[in-house]
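Novice: Once you've had a glance at the structure underneath, I'll fire off some questions.
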Amino acid sequence: MVRAHWIGVLVPVVLLGCASHHVAPGAYDPNLITEDEIVDSRASNAYDAIHKLRGNFLSNRGKISIYSPATVSMPTVYVDDQRYGDINVLSTIPAEVIATIRLYRAWDATTRYGINNAGGVISITTRQGGVEDAAWVNRH
């Protein structure tokens with residue numbers, strides 16, 4: 001009987017501990033950079049915005065394989081849910097076309113974008129509707 005009680009208590013605790021990071025609407029999310037933050041930062045491109053506002057997004061995620069100890073991974077960049085490249089492409093994305101920048105850590109990145117994203121994902125959502133926005137998106 002006591003064993004069943006502990007199992008009933010431990011299972012929900014373990015499941016909650018493994019759950020994805022969710023933030024209440026309106027609360028500060030350290031994994032999200034908003035359009036207002038980007039404008040206030042006066043950044044010229046995505047790299048500048050991230051560097052100024054959440055430099056940790058650009059950090060190395062460490063070893064991703066026990067079989068290849070030298071393998072390290074940086075986040076992959078996605079623009080509007082399409083793979084765009086490595087972090088070097090961030091400087092080619094003008095700040096004025098960005099609505100949000102979100103960092104997905106390894107677990108969430110591999111769940112959402114697939115197993116080739118063990119270093120995480122920097123997901124950029126572009127603003128929709130402006131002539132300049134459409135021109136930039138269509139060129140890339």
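Each value in this text was obtained by applying a stated rule to the coordinates, not by laboratory testing. Keep in mind it's a predicted model, so treat the numbers as computed, not measured. Backbone-built Cβ (ideal geometry, glycine too); neighbour counts: all protein chains shown.
Novice: Just grab the label-to-label distance for ASP40 and ARG105, each label 7 Å out from Cα along the Cβ direction, in nm (one decimal).
Specialist: Output for this residue pair reads 2.5 nm.
Novice: Still on this structure, please answer the following. Compute the distance in nm between two label points, each set 7 Å from the Cα along the Cα-to-Cβ direction, one at ARG112 and one at ALA27.
Specialist: Those two pseudo-labels are separated by 1.7 nm.
Novice: If you don't mind, there's one more thing I want to ask. Less than 15 Å Cβ to Cβ from ASP48, Lys/Arg counted +1 and Asp/Glu -1: what total charge do the surrounding residues give? Present the calculation step by step, with values, prior to reporting the outcome.
Specialist: Values: positive: ARG42, LYS52, ARG54; negative: GLU35, GLU37, ASP40, GLU96.
Residues near ASP48 contribute -1 overall.
Novice: Local charge sum around PRO30 (other residues, Cβ-Cβ under 14 Å, Lys/Arg +1, Asp/Glu -1)? Please list the in-between numbers first.
Specialist: On the way: positive: ARG54, ARG102, ARG105; negative: ASP29, GLU37, ASP108.
That sum, taken over residues with Cβ under 14 Å, equals 0.
Novice: Using 7 Å Cα-to-Cβ label points, what is the THR125/ASP81 separation (nm, one decimal)?
Specialist: Here the answer is 1.1 nm between the modelled labels.
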